[in-house]
Amino acid sequence: MTAPVVLDRLSVTRDGLPVLREVSLTLAPRDRLAIVGPNGAGKTTLLRAIMGLQVPSSGTVALFGQTCTHEAEFRSHRPRIGFLFQDSDDQLFCPTVVEDVAFGPLNLGQSNAQALKIARETLAHLGIAALAERLVHKLSGGEKRLVCLAGLLAMRPQVLLLDEPTNGVDAENGARLRAVLHGFEGAMIMVSHDDGFVADLANRARLLSGGCLQEADIHDHAHLHRHPHVHPRMKTDPNAG
Ligand SMILES: Nc1ncnc2c1ncn2[C@@H]1O[C@H](COP(=O)(O)OP(=O)(O)OP(=O)(O)O)[C@@H](O)[C@H]1O
């Protein structure tokens, strides 16, 4: 099957400073990849570049087998990729929760009634059906996070790009969010500082540091918990896929 995302020696500069340096990456159809790394390492920039929201200085992005250079090429693939922004307020724009979640399906051609039905089902699936009629701007930070995710899942994407999905989400909602994501059948890239979330969801990890991707392992510690580690063998190979 075609890899939904392939990056080939992708470099990105922001404000004249190099952020990504020849990053190569292949995301397989059911991959669960965690990108970890310190603040400012370029993790969000990497996700934005995959979506075509960040113009690379060199290298290529291929989505579902097509090399994408121009906005029109990225645009045709975006409905199949759910991108959870780091800041929920950048994602939510309809007055009520159910309208916001219905927006995606409506945009994909569903009738108003069908889009609302999908929205309510998705909210229920995430355990937040009670939020349906609430005003978006009055939600808590954690509630907004879950509503954003509902909006993406309602579009039935093949890929999820999740930027800090558990930010502000409490333990109970976090457990439900994980359960829902476990049930997601597509490919996923998760950017997270939440070790527990990464250990639970990811099947592999990469560390972004100095603009380069390095192999990382997710280790089990009998006395502690699972979390990603840089793999010493691979430290010198920035282009490991
Ligand atoms: N709008 C912007 N214009 C210019 N530079 C930016 C902009 N946004 C971020 N940067 C810079 O790009 C670099 C990478 O930022 P990015 O947000 O991708 O990092 P990150 O790894 O996601 O960080 P965090 O873990 O803090 O979210 C940082 O040096 C940051 O200051």
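The values are calculated or read from the model by the stated rules, or taken from the named source; none is laboratory data. Bear in mind that the values here come from a model prediction, so they are computed numbers and not experimental data. Backbone-built Cβ (ideal geometry, glycine too); neighbour counts: all protein chains shown. The protein model used for the area step is the full one, side chains on, heavy atoms only, and it has no ligands, DNA or RNA in it. Shrake-Rupley method; radii C 1.70, N 1.55, O 1.52, S 1.80 Å.
Of the residues 196, 186, 210, which single one is modelled with pLDDT of 65 or more, within 22 Å of residue 149 (Cβ to Cβ) and open to solvent by 30 Å² or more (accessible area, probe 1.4 Å)?
None of the other options fit; the residue is 196.
I'd like to verify a number: residues in region 140-163 that are open to solvent by 10 Å² or more (accessible area, probe 1.4 Å) and within 15 Å of the ligand (Cβ to nearest atom), how many?
The qualifying residues number 0.
I'd like to check something: does region 58-68 contain any residue that is open to solvent by 20 Å² or more (accessible area, probe 1.4 Å), polar (S, T, N, Q) and not in a strand (DSSP E or B)?
No: zero hits.
For region 78-118, give me each residue that is among the hydrophobic types (A, V, I, L, M, F, W, C) and part of a loop (DSSP other than H, G, I, E, B).
85, 92, 93, 94, 108
When only residues in region 13-51 that are assigned to a helix (DSSP H, G or I) and more than 9 Å from the ligand (Cβ to nearest atom) count, which is nearest to residue 199 (Cα to Cα)?
Filtering first and then ranking leaves 50.
Could you tell me which of the residues 54, 86, 110 is away from the ligand (no atom under 16 Å from the Cβ), within 28 Å of residue 146 (Cα to Cα) and open to solvent by 10 Å² or more (accessible area, probe 1.4 Å)?
110
Matching residues to (1) over 19 Å from the mean Cα position of the chain (by Cα); (2) surrounded by fewer than 20 Cβ atoms within 10 Å (Cβ to Cβ); (3) modelled with pLDDT under 95:
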residue: 7; (1), (2), (3): no, no, no
residue: 13; (1), (2), (3): yes, yes, no
residue: 24; (1), (2), (3): no, yes, no
residue: 31; (1), (2), (3): no, yes, no
residue: 38; (1), (2), (3): no, yes, yes
